[in-house]
Amino acid sequence: MRTVTVNGRAETLPDDPEALLVDVVRDNLGLTGTKLACGAGVCGACTVLLDGFPIASCLLPANSVAGKTITTVEGVAAGRLHPVQKAFMTLDALQCGFCTPGFIVEAVAFYDKYRKTNGAVTPTREEIGSALSGHLCRCGAYENILLAVAAACSGRFDGDDDETVSPR
């Protein structure tokens, strides 16, 4: 029996050698935040963290993650909202919301790496754009997505103070 840790819980992987990680996450585990959109690894909707690194789960055979750690959008918060999640809510960085989980997962990976290296210095638009370049938003919410990631990285949403005021 092969297992993977998903959002802190040990889960059994299917015996099917053709099962894709996105299907296991959504169908077997019921974690429907991860979306299957293009099925070709170009839209970013299926992004999860594999041992802390963003990957397209629609291309990855599920059995290849045995013994590893997966974090989905449902596992990002770990008990309280991540600064990136707070920023997305406050700055209305979504429209239909279909792409939002993938953007958040990728933005969290960028945030964690960026903050470790740069502290609370605001990243440039180019740095954020480069990090999120593998994601498509069909509604065109890019401007607020970029603003939200910049605000999160600048430290605006750090700590327990909840300045989050959802505009919706």
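At least 1 residues being more than 18 Å from Gly67 (Cβ to Cβ) and not hydrophobic (A, V, I, L, M, F, W, C) is the threshold, and among the strands (runs of 3 or more DSSP E) wholly inside the stretch 1-55 those reaching it are 47-50. Residues in the stretch 77-99 that are surrounded by fewer than 21 Cβ atoms within 10 Å (Cβ to Cβ) and of a type in the set (D, E, K, R): how many? Here the count works out to 2. So how many residues does the stretch 10-27 have that are touching a residue at least 40 places away in the same chain (Cβ under 8 Å) and in contact with a helix residue (DSSP H, G or I) (Cβ under 7 Å, 6 or more places away or on another chain)? The total comes to 6. The residues in the stretch 96-121 that are under 22 Å from Cys43 (Cβ atoms) and of a type in the set (Asp, Glu) can be counted, and the count is 1.
Any chance the stretch 112-128 includes a residue that's touching a strand residue (DSSP E or B) at 6+ places or on another chain (Cβ under 9 Å) and among the β-branched types (Val, Ile, Thr)? No: zero hits. If you check Gly67, Gly102 for being surrounded by fewer than 21 Cβ atoms within 10 Å (Cβ to Cβ) and either in contact (Cβ under 8 Å) with a residue 24 or more places away in the chain or among the aliphatic types (A, V, I, L, M) (or both), only one passes: Gly67.
Would you check if Gly102 is within 18 Å of Ser133 (Cα to Cα), in contact with a His (Cβ under 8 Å, 6 or more places away or on another chain) and of a type in the set (Gly, Ala, Ser)? Spelling it out, Gly102 is indeed within 18 Å of Ser133 (Cα to Cα), in contact with a His (Cβ under 8 Å, 6 or more places away or on another chain) and of a type in the set (Gly, Ala, Ser).
In the stretch 33-55, the residues that are farther than 14 Å from Gly75 by Cβ reach residues that are hydroxyl-bearing (Ser, Thr, Tyr) and in a loop (DSSP other than H, G, I, E, B) with C-beta atoms within less than 8 angstrom, at least six apart or across chains, in these pairs: Ala45/Thr34; Cys46/Thr34; Cys46/Ser57. Considering the stretch 105-138, and only residues there that are over 21 Å from Leu49 (Cα atoms) and touching a Phe, Trp or Tyr at 6+ places or on another chain (Cβ under 8 Å), the residue that is most open to solvent (accessible area, probe 1.4 Å) turns out to be Arg138.
Filtering the stretch 50-71 for residues that are of a type in the set (D, E, K, R) and under 30 Å from Arg2 (Cα atoms) leaves a non-empty set.
The values are calculated or read from the model by the stated rules, or taken from the named source; none is laboratory data. From a predicted model like this one, the values you see are computed outputs, not experimental measurements. Note that we place each Cβ from the backbone using ideal geometry, even for glycine, and neighbour counts take in every protein chain shown. In case anyone asks, the SASA skips ligands and DNA or RNA and just uses the protein heavy atoms, side chains included. Shrake-Rupley method; radii C 1.70, N 1.55, O 1.52, S 1.80 Å.
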